[in-house]
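A.B. asks: Handing you a structure now.
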Amino acid sequence: MIQSNAESFLHVEKWKADFPSLVASFSTKNGGVSMGPYQSLNCGLHVNDHRADVVTNRTLLGTDCDAPITKWVMADQVHGDTIKYVTSDDVGKGSTHYEDALAKTDGLWTTEKNVFLSLCYADCVPIYYMDPVSNFAGVAHAGWKGTVKDIAGSMIRVAENAGVDSTNLQVAIGPSIGPCCYLVDDYVINKVNDSLIKEVPNVYHKLEEGQYRLDLKMVNYQLLLQAGLNEKQIITSSYCTSCEEQLFFSHRRDQGVTGRMVAVIGWKE
Ligand SMILES: [Zn+2]
């Protein structure tokens, strides 16, 4: 993902060039009105920021990236692997009030235009899915828990079950915490190993007994290959949300009190 002209979001350069009617954006922390630890473009309603400020931030971002928040669908994210199908009947859910977000959901998909799927992040991996033939759009929220539950591969299977030819799918793995900043223990590493059918290098690096650097983006990349995609179908962002303090909120770096970025994907009319 690269920086766009607007300071408020990044987009996938290749997709932007090839598919002008696609919105696939990842917000930054800049260009909003929130204060304190949420300065300034906090897009999370559930983090103790002022609701009116968050709605203002989302509205600004929606205008910038050409996806108005009246057309967003949002979720109450719980680090699970539940993926829900949404339509124009769902637009606006969760976009201004957390209470009407889709309950206990970490993945969204649609084949309708003008439905913008929007999930919140601060270190977890945003995974964008799209198919220009069927107008499939999907987004997944993959922290380590969602990752080892294989939400990445589940979305491919959901698309296939909906009649999408998975050879047409294109996937982008967005900015998340990188192996440079993500230390985990044996418990997590064992779950990662269980999720991968075969052993792959570069997924994690052992530092000492019981401590590892984990590359969550790489695990999800491998899970996408495991689900049948090939390398050419996947783009991976090199951004680390913890390293890039000027661009992103980071749950780990900011010790839990911080804002949220939002991933938005959908096809415009
Ligand atoms: Zn880092």
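The values are calculated or read from the model by the stated rules, or taken from the named source; none is laboratory data. No experiment lies behind these values; they were computed from the predicted model shown. Every residue, glycine as well, gets a Cβ built from its backbone with ideal geometry; the counts of neighbours run over all protein chains shown. SASA here: full protein model, heavy atoms, side chains in, ligands and nucleic acids out. Shrake-Rupley method; radii C 1.70, N 1.55, O 1.52, S 1.80 Å.
A.B. asks: So if I place +1 on the C-beta of Lys and Arg and -1 on the C-beta of Asp and Glu, and nothing else carries charge, what would the dipole magnitude of the chain be about its Cα centre? I want it in debye, nearest 20.
C.D. replies: Computed about the Cα centre, the dipole is about 80 debye.
A.B. asks: When only the heavy atoms of the protein chains count and the probe is 1.4 Å, how do Glu7, Glu244 rank by accessible area, highest first?
C.D. replies: Largest accessible area first, the list is Glu7, Glu244.
A.B. asks: Here is a further query. Hey, which of these cross-link pairs are over 30 Å Cα-Cα: Lys14/Lys113; Lys145/Lys268; Lys29/Lys93; Lys93/Lys191; Lys191/Lys232?
C.D. replies: Cα-Cα > 30 Å for Lys145/Lys268; Lys93/Lys191; rest within.
A.B. asks: Compare Lys232, Lys145 by solvent-accessible area with a 1.4 Å probe and give them largest first, with all protein chains kept in place.
C.D. replies: These residues rank, largest area first, as Lys232, Lys145.
A.B. asks: With a/c under 1.5 counting as rounded, go ahead and sort the range 135-242 into rounded, prolate or oblate using the C-alpha gyration tensor (a ≥ b ≥ c being the square roots of the eigenvalues; past the cut-off, prolate if a/b is larger than b/c, else oblate).
C.D. replies: The shape class here is prolate.
A.B. asks: Rounded to the nearest whole Å², what accessible area per residue is found for the chain with the 1.4 Å probe?
C.D. replies: About 42 Å² of surface per residue is accessible.
A.B. asks: Under 1.5 on a/c is rounded, so check that first for the chain, then, if it is not, pick prolate when a/b is larger than b/c and oblate when it is not; a ≥ b ≥ c are the square roots of the alpha carbon gyration tensor eigenvalues.
C.D. replies: Oblate, since a/c reaches 1.5 and b/c is not below a/b.
A.B. asks: Using a simple charge model, +1 on the beta-carbon of Lys and Arg, -1 on the beta-carbon of Asp and Glu, nothing else, what dipole does the range 47-175 show about its Cα centre, in debye to the nearest 20?
C.D. replies: Roughly 100 debye for the range 47-175.
A.B. asks: Taking only DSSP H segments of four or more residues, each worth -39500 (n - 2.57), what value at 222 nm results for the chain once the sum is divided by all its residues, to the nearest 500 deg cm²/dmol?
C.D. replies: -6000 deg cm²/dmol
A.B. asks: Also: Quick one: grab the alpha carbon gyration tensor of the range 57-132, order the square roots of its eigenvalues as a ≥ b ≥ c, and give me rounded if a/c is under 1.5, else prolate or oblate depending on whether a/b is larger than b/c.
C.D. replies: Note, shape of the range 57-132 comes out rounded.
A.B. asks: Using amide H atoms built 1.01 Å from N in the peptide plane, name the residues 5+ places from Asn114, or on other chains, whose amide H lies under 5 Å from its own.
C.D. replies: Under 5 Å from the amide H of Asn114: Trp267, Lys268, Glu269.
A.B. asks: I've got another one for you. What percent do you get for the relative contact order of the range 83-137 when only Cα pairs under 8 Å and 6+ apart count?
C.D. replies: Contact order relative to length: 35 percent.
A.B. asks: Could you give the dipole magnitude of the range 120-269 about its Cα centre, charging the beta-carbon of Lys and Arg +1 and that of Asp and Glu -1, in debye to the nearest 20?
C.D. replies: Dipole magnitude for the range 120-269 comes out near 140 debye.
A.B. asks: Rounded to a whole number, what % of the accessible area of the chain do carbon and sulfur atoms account for, probe 1.4 Å?
C.D. replies: 47 percent
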